[in-house]
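Every number in this text was worked out from the coordinates using simple rules, so none of it is lab data. Here the structure is a predicted model, which means the values were calculated and not measured.
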């Protein structure tokens with residue numbers, strides 16, 4: 001009987017340790033899922049911000065190109081006017 005009782009106690013101990021391990025793994029899984037959701041939300045926000053910044057950058061590049069064109073036009077006009085004055 002003593003051997004059987006010890007085996008039963010050992011099995012109960014193993015069962016208890018397995019249940020504790022299962023609980024730990026389950027808690028870790030829940031924490032990882034919460035972390036995954038949080039990171040997914042952050043990724044969505046960063047992607048949105050990135051799109052907004054890319055749009056703003058494109059707009060600024062277009063404005064810069066337009067201003068450079070205006071500058072070139074004004075420079076050409078100034079040269080034309082200078083040549084016109086020299087002819088007189």
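Working note: 222 nm ellipticity from helices only, DSSP H runs with n ≥ 4, each -39,500 (n - 2.57), summed and divided by the residues of the chain, gives -37500 deg cm²/dmol to the nearest 500.
The structure shown yields Cα Rg over 2.2 N^0.38 Å, and of the options (1) 1.06; (2) 3.10; (3) 1.31 that calculated value carries the label (2). Rounded to the nearest 10 degrees, what's the angle between the helix 2-87 long axis and the longest principal axis of the chain, both from Cα atoms, 0 to 90? Approximately 0 degrees, to the nearest ten.
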